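Novice: Got a structure for you, questions after.
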Amino acid sequence: MGDIHITSTIGLLLAGCLAAGVFADLVHLPKVTAYLLVGLLVGPSALDLVPTDHVTVVEPLLKLAMALVLFNLGCEFTFSKVRRVAKHCLMISAGEILLTLVLVSLGLFLFGCDSKMALLLGCLGVATAPATTILVLKEFRSEGPVTESTGFLVALNNFACIVLFEFAFLAIEYSQGKIETSLGGELLSVLSNVLGSIILGIAAGLFVSYGCGFLNMKRWLVLLVAAITFLLGIDESFEVPYMLSFLMMGVTVANTSDYKQKIVDELDHLSGLLAVLFFVAHGTELDLGAFLTAGKLGAVYIVCRMLGKWLGVYATAKATRQPRELRQWGGACLFAQAGAAIALATIAVHRDESLGKPIQDIILGSVVLFEIIGPLFIRKSLLQTGEVPLAQAIHHTSRTPVEQLRNLVDGFRSALRRSDPTPSAIGKVKVSDLLRKTKGIHQSADFDQVVDHIEHSHDNTYPVVDDSMSVVGVIRYPLLSDVLFDHSAAKLVRAEDLVSDLQSCLHLDDPATKAFELFQGETDDCIPVVDRNSPHSLVGVVRRSDVMHALITSRRKKPKSGKKFRRRG
């Protein structure tokens, strides 16, 4: 395999990921974890099918994949959203970062680790893998407070990690008398790198927003790839943190362009393909030997980091009276770790090999575990909080080659008959499989609280409940316009004053076909789901988009039974 051409290596990795994606569906595994396991299998730690130098050659593509993910993440943060999310997430982030730093540093020190090494590992423990975390959220199409908070916390984690690491290393060098220039000069150098990275990102974001504003949409992809690759090269040339640049580039586009969503959609196919390559190539770099070599200190680092992430979010969220779902599951979404920690550990080796090498060994060893279990914890958290419909996590049986051939023939026959899609394709899917949990709006909520709920929602219909959680009606966004522009009325209005009659509702055991039929006859984009045993007690909502997604996905399966058409006489 040593003489295999690099293009064949890329083909082998992508083909392996294709098979792993199917396997991941069968065993209910996040695709990110499956891709990493493929890389681990074909890498030096197992079958050794991929030459090490080939992974080095594609390194620029892997950094490009990370850049695209960070740009995508940044595009989620409009200033209005940042102000809203920051109200509850800044304190949570501060508590989680501080507790992770303290627990990891103190835990390692108590188990015999050198104080300088423990401090640097504490700083690295703060980092959360953005690519892994964000792509798992996108895979499951999750929405809700935990999903929204996770994106914000990931961004702050990585920013804090870079800054804390630079200042910690500077303090260590100063204590050892290794600083050749003044301390003020070194501090200025660190700050200029961070500030320079941010300024470059803002400039690139303005360029993209301006270019997409007047160029034909067909030319956007070339513009976007040109801007992103050029910025990546500039960051690498001047050795400034490229992760901050692309995060700020996305934030700038989100707040200066009217085409933000279209820009993200334009990059989706490219970023999706590169992300597959990123994770499988990253998997080949996972070293099982390093995981075993990390030994006692590696185990302490893993336990203390996970404890710091979970306890930090739980304690701060409880102190600030955040929702129970965020308290219990927010920290579990931050366990994944890879890119930032590995890159900074490598920098530590270059600056001081005797100090950096043991740090790098522990990071490389622990990453093997964090990258595999991280997506699993995210998936578990999303299902527990109800921010992803159960149907999104259910595998839809793939066809055999013979079934696929039959499907092609059936599709051709259907096209000749010009038959329309029917909801029968949903098969055995129930309303419970499509449920998105919500507590609704209490009927006593004032107008500001109603608006705040709407800002957090992606729907146009909102269930209103009483003290016993029974649905008393729904608020429809189109009917709010009069109140929105009448400020004097807004001060007097309560949710119960905005309620419209509930035209239809669903139960958990209803078939998805019933939801499909109800949506055919109304304009609401979601329908309340109520408890059959406790009349009108709100359980959640079913969205029109989720029903259509289930229909489209289910139609790809061959029905287990069906009529055979025969030509008569």
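The values are calculated or read from the model by the stated rules, or taken from the named source; none is laboratory data. Keep in mind it's a predicted model, so treat the numbers as computed, not measured. Ideal geometry is used to build each Cβ from the backbone, glycine not excepted, and the neighbour counts take in all protein chains shown.
Novice: Can you name the residue in region 359-374 that is of a type in the set (Val, Ile, Thr) and buried (at least 22 other Cβ atoms within 10 Å of the Cβ) and is also nearest to Gly330 (Cα to Cα) among such residues?
Specialist: Selected residue: Val367.
Novice: Consider region 1-50. How many of its residues are outside any helix (DSSP H, G or I), surrounded by fewer than 18 Cβ atoms within 10 Å (Cβ to Cβ) and in contact with an Asp or Glu (Cβ under 9 Å, 6 or more places away or on another chain)?
Specialist: Of the residues in region 1-50, 1 are outside any helix (DSSP H, G or I), surrounded by fewer than 18 Cβ atoms within 10 Å (Cβ to Cβ) and in contact with an Asp or Glu (Cβ under 9 Å, 6 or more places away or on another chain).
Novice: Within the group Leu191, Leu223, which residue is surrounded by 14 or more Cβ atoms within 10 Å (Cβ to Cβ) and either under 27 Å from Asn255 (Cβ atoms) or free of Cβ contacts under 8 Å to residues at least 40 places away in the same chain (or both)?
Specialist: Leu223
Novice: Of all helices (runs of 4 or more DSSP H) completely enclosed by region 249-321, which ones contain at least 2 residues that are on the phi < 0 side of the Ramachandran plot and surrounded by 24 or more Cβ atoms within 10 Å (Cβ to Cβ)?
Specialist: 260-285, 295-319
Novice: Mind checking which helices (runs of 4 or more DSSP H) fall wholly inside region 88-186 and carry at least 1 residues that are more than 21 Å from Ile363 (Cβ to Cβ)?
Specialist: Result: 130-139, 145-175.
Novice: Within region 71-106, count every residue that is under 30 Å from Val300 (Cβ atoms) and either of a type in the set (A, V, I, L, M) or outside the structural domain of Gly205 (by TED's automatic domain parsing) (or both).
Specialist: Within region 71-106, residues that are under 30 Å from Val300 (Cβ atoms) and either of a type in the set (A, V, I, L, M) or outside the structural domain of Gly205 (by TED's automatic domain parsing) (or both) number 12.
Novice: Now, a different point. What are the residues in region 200-211 that are surrounded by fewer than 16 Cβ atoms within 10 Å (Cβ to Cβ) and free of Cβ contacts under 8 Å to residues at least 40 places away in the same chain, if any?
Specialist: Answer for region 200-211, where residues must be surrounded by fewer than 16 Cβ atoms within 10 Å (Cβ to Cβ) and free of Cβ contacts under 8 Å to residues at least 40 places away in the same chain: just Tyr210.
Matching residues to (1) modelled with pLDDT under 85; (2) assigned to a helix (DSSP H, G or I):
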| position | (1), (2) |
| --- | --- |
| Ile363 | no, yes |
| Leu382 | no, yes |
| Glu387 | yes, no |
| Ala391 | yes, yes |
| Glu403 | yes, yes |
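Novice: In this structure, is Leu110 without any contact (Cβ under 8 Å) to a residue 40 or more places away in the chain and either of a type outside the set (Val, Ile, Thr) or farther than 26 Å from Ala65 by Cβ (or both)?
Specialist: For Leu110, the condition - without any contact (Cβ under 8 Å) to a residue 40 or more places away in the chain and either of a type outside the set (Val, Ile, Thr) or farther than 26 Å from Ala65 by Cβ (or both) - is met.
Novice: Looking only at region 271-318, count every residue that is more than 29 Å from Pro60 (Cα to Cα), without any contact (Cβ under 8 Å) to a residue 24 or more places away in the chain and of a type in the set (Gly, Ala, Ser) and tell me the total.
Specialist: Within region 271-318, residues that are more than 29 Å from Pro60 (Cα to Cα), without any contact (Cβ under 8 Å) to a residue 24 or more places away in the chain and of a type in the set (Gly, Ala, Ser) number 2.
Novice: Further question: Taking region 532-556 as the search range and keeping residues that are surrounded by fewer than 19 Cβ atoms within 10 Å (Cβ to Cβ) and over 13 Å from Val429 (Cα atoms), which one is modelled with the lowest pLDDT?
Specialist: Arg556
Novice: Within region 521-531, can you find the residues that are of a type in the set (D, E, K, R) and either more than 16 Å from Arg436 (Cα to Cα) or at pLDDT 85 or above (or both)?
Specialist: Of everything in region 521-531, those that are of a type in the set (D, E, K, R) and either more than 16 Å from Arg436 (Cα to Cα) or at pLDDT 85 or above (or both) turn out to be Glu522, Asp531.
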